[in-house]
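The values are calculated or read from the model by the stated rules, or taken from the named source; none is laboratory data. These numbers were taken from a predicted model, which means no experiment stands behind them. When we count neighbours, we look across all protein chains shown, and the Cβ atoms used for this are built from the backbone with ideal geometry, even at glycine. Areas reflect the complete protein model, heavy atoms only, side chains present, ligands, DNA and RNA absent. Shrake-Rupley method; radii C 1.70, N 1.55, O 1.52, S 1.80 Å.
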Amino acid sequence: MKKINMSEASAVIGGTTTCVNSFELNLVGDATVCNAVKTCTDKNGVVTKTFTAAAIINCNNVG
């Protein structure tokens, strides 16, 4: 039996996780805030989003 590494194993059982980074404006109470959003889709199609506070200047071109 051949030993394989993690990247080889994930290719055999259906792919890898892909992520996209973007910025979103959100309303929190009366304040508008900018968030960096990391959206990841795993090999099973499960989507997860991670929000991190970002400088408002990063959201100037959003929307």
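Just a few scattered comments:
- Set of lysines near residue 2 by C-alpha distance (under 26 Å), chain-local residues within fewer than 8 positions excluded: 43
- Rolling a 1.4 Å probe over the protein chains gives residue 32 an accessible area of about 80 Å².
- If R0 equals 22 Å, the separation of the Cβ atoms of residue 53 and residue 16 corresponds to a calculated FRET efficiency of about 0.20.
- Largest to smallest accessible area among 34, 19 [probe 1.4 Å]: 19, 34
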